[in-house]
Ligand code: DON
């Protein structure tokens with residue numbers, strides 16, 4: 001069956017291969033020395049399974065695709081509050097290398113433009129440029145699941161010619177955003193941009209973000225879910241710079257592009273995409289990279305705001321199993337909205353039963369909010385003179401720290417039905 005997806009990927013690549021629009025980045029000679037026709041496409045599923053097509057082994061420099069990862073590292077090391085004090089989260093609507101800060105706050109508008117990215121480097125605690133870079137290099141490599149290399153020629157060339165970034169760093173120093181030596185911070189920034197990746201590395205790094213900070217193949221946690229949530233948020237609003245609105249409308253995935261020709265895109269919980277094609281549009285995005293992402297999103301339905309199923313599908317079946325005993329069978333993922341539907345259904349019907357049995361053995365995933373809501377439901381039923389029984393063989397509904405003894409939990413529906421019958425009989429007897 002995997003061939004179907006592979007064929008699909010090859011087909012998308014073939015469709016876009018003929019598009020030769022755009023130009024190579026040439027602000028340093030090293031970036032213009034690549035094969036303009038290269039097109040690599042990689043897709044990593046949340047479990048780490050990878051599909052690859054075309055030039056997926058070609059290494060190129062990560063450039064600005066590095067920015068979300070350095071931002072994540074700063075958040076990871078010093079916390080959101082300290083990072084927010086120095087870097088905003090507002091889209092700038094400006095080009096990536098604009099020499100500007102937010103007029104109201106005197107901070108860079110966001111961490112995806114160069115000003116915010118250079119500020120993010122300065123926030124990584126470190127004793128020297130080497131120390132900071134070593135942390136950053138290890139962090140990126142952990143996202144990719146392999147040790148990444150560095151293109152020393154690109155680094156040296158960027159360092160020798162980067163007057164615009166130098167202007168930005170000194171401007172930030174004058175606004176009190178940069179504490180350290182601007183030259184040292186720039187050195188780390190130039191090195192981070194020169195880290196070498198393939199489209200597959202970018203797909204894997206994206207998949208680690210899609211998994212909330214866990215690298216899928218090793219199962220190793222690289223950073224926290226809270227850091228990832230914030231990082232993905234700024235990728236949505238600022239990752240594609242002044243083309244962010246168009247990107248979100250057409251593709252609908254948090255993403256980041258770089259002038260090396262890479263794009264990484266994340267569908268949270270599901271997958272990561274990496275594309276390499278070095279011909280750029282006038283905003284610095286890979287022309288075919290953008291087109292490939294558009295096609296994949298449209299034909300595979302990857303837009304993160306697409307509403308695919310109604311939340312009431314959480315209730316798989318609801319029926320009267322015995323007189324006075326109503327069974328609710330739940331399935332899928334129980335999160336806030338689905339659980340709210342369950343509660344409202346049960347509340348609407350509780351005049352019609354004495355005992356409700358909630359069957360959750362087919363539930364895949366349940367979050368803390370849903371657990372708390374369902375615990376509250378059992379109390380609510382008791383107060384209303386009803387009883388709630390649970391079929392939960394795997395103990396998925398247990399709220400951490402709360403003993404389950406308040407609820408009556410059964411391993412099978414048959415056992416719960418027996419208990420329900422005697423509860424109904426006891427009630428009817430006591431009613432006279
Ligand atoms: O800072 C720079 O100019 C480059 N090293 C990186 C810029 C970049 O990739 C912008 N993204 N599209």
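Between residue 369 and residue 281, with labels modelled 7 Å along Cα→Cβ, what's the label distance in nm to one decimal, could you check?
Taking the two extended label points, one gets 3.4 nm.
What is the gain in length, in nm to one decimal, between residue 362 and residue 160 on full extension, counting 0.36 nm per residue of separation less the C-alpha to C-alpha distance? Write down the numbers at each step before the final one.
Values: separation 202, 0.36 × 202 = 72.72 nm, distance 6.03 nm.
Once the chain is fully extended between residue 362 and residue 160, it gains 66.7 nm.
Compute the separation of the alpha-carbon centres of segment 81-141 and segment 166-224 and state it in Å as a whole number.
The two parts, judged by their Cα centres, are 9 Å apart.
Percent relative contact order of the chain, based on C-alpha pairs within less than 8 angstrom and at least six residues apart?
Details: 847 pairs, mean separation 69.9, N = 432.
Normalised by residue count, the contact order of the chain is 16 percent.
Kindly state, to the nearest 0.05, the FRET efficiency for residue 4 paired with residue 349, given R0 = 35 Å and r defined as their beta-carbon distance. Don't jump to the answer; show the numbers that get you there.
On the way: r = 43 Å, r/R0 = 1.23.
Calculated value: 0.25.
Using only the alpha-carbon atoms, how far is helix 413-430 inclined from the longest principal axis of the chain? Give it as 0 to 90 degrees, nearest 10.
The helix 413-430 is inclined about 50 degrees to the chain.
Provide the FRET efficiency to the nearest 0.05 for the residue 181-residue 246 pair, computing r from the beta carbons and using R0 = 41 Å.
Rounded to the nearest 0.05, the efficiency is 0.60.
Using the basic label-point model (7 angstrom from Cα toward the beta carbon), what is the residue 167 to residue 226 distance in nanometres?
Between residue 167 and residue 226, the simple spin-label model gives 3.9 nm.
So what is the relative contact order for segment 246-331, in percent, with contacts set as C-alpha pairs under 8 Å and at least six apart?
Working: 124 pairs, mean separation 19.2, N = 86.
It comes to 22 percent, rounded to a whole number.
How much mean residue ellipticity at 222 nm does the chain get from its helices, if each DSSP H run of length 4 or more adds -39500 (n - 2.57) and you divide by all residues, to the nearest 500 deg cm²/dmol? Walk me through the numbers on the way to the answer.
Working: 16 runs with 192 residues, N = 432.
For the chain, the value works out to -14000 deg cm²/dmol.
Give me the compactness ratio for segment 310-431, meaning the Cα radius of gyration over 2.2 N^0.38 Å. Let's see the in-between values first.
Values: Rg = 13.4 Å, N = 122, 2.2 N^0.38 = 13.7 Å.
Computed over Cα atoms of segment 310-431, the ratio equals 0.98.
Relative to the compact globular guide of 2.2 N^0.38 Å, what is the alpha carbon radius of gyration of the chain, as a ratio? Mind dumping the intermediate values first?
Details: Rg = 26.5 Å, N = 432, 2.2 N^0.38 = 22.1 Å.
Normalised Cα radius of gyration, the chain: 1.20.
Taking only Cα atoms, what is the 0 to 90° angle, nearest 10, from helix 287-300's long axis to the longest principal axis of the chain?
For 287-300 against the chain, the angle is about 10 degrees.
When the Kirkwood hydrodynamic radius is evaluated over all pairs of different C-alpha atoms of segment 31-129, what value in angstrom, to one decimal, is obtained?
Here the Kirkwood hydrodynamic radius works out to 15.8 Å.
By how many nm would the segment from residue 321 to residue 32 grow when fully extended, if each residue of separation counts as 0.36 nm and the alpha-carbon distance is taken off?
Working: separation 289, 0.36 × 289 = 104.04 nm, distance 7.16 nm.
Roughly 96.9 nm would be gained on extension.
Simple spin-label model, 7 Å along Cα-to-Cβ: residue 127 to residue 81 in nm?
Modelled inter-label distance: 2.8 nm.
For helix 67-78, what angle does its Cα long axis make with the longest principal axis of the chain, in degrees from 0 to 90 and rounded to 10?
On a 0 to 90 degree scale, this one is about 70.
I'd like the distance between the alpha-carbon centres of segment 319-361 and segment 239-279, rounded to an integer number of Å.
A separation of 42 Å, based on Cα centres.
Quick check on packing: order 256-263, 229-236 by the mean number of other C-beta atoms within 10 Å, highest mean leading. Write out the running numbers ahead of the final one.
Values: 256-263: 28.1, 229-236: 20.1.
Result, highest mean Cβ count within 10 Å first: 256-263, 229-236.
At a Förster radius of 60 Å, what calculated FRET efficiency corresponds to the Cβ-Cβ distance of residue 14 and residue 430, to the nearest 0.05? If you can, show how the numbers build up before the last one.
Working: r = 74 Å, r/R0 = 1.23.
That gives a FRET efficiency of 0.20.
A short reminder: the numbers here are calculations on the coordinates, not readings from a lab. Values in this document were obtained by computation on a predicted structure and should not be read as measured data. So basically every Cβ, Gly included, is an ideal-geometry build from the backbone, and we count neighbours across all protein chains shown.
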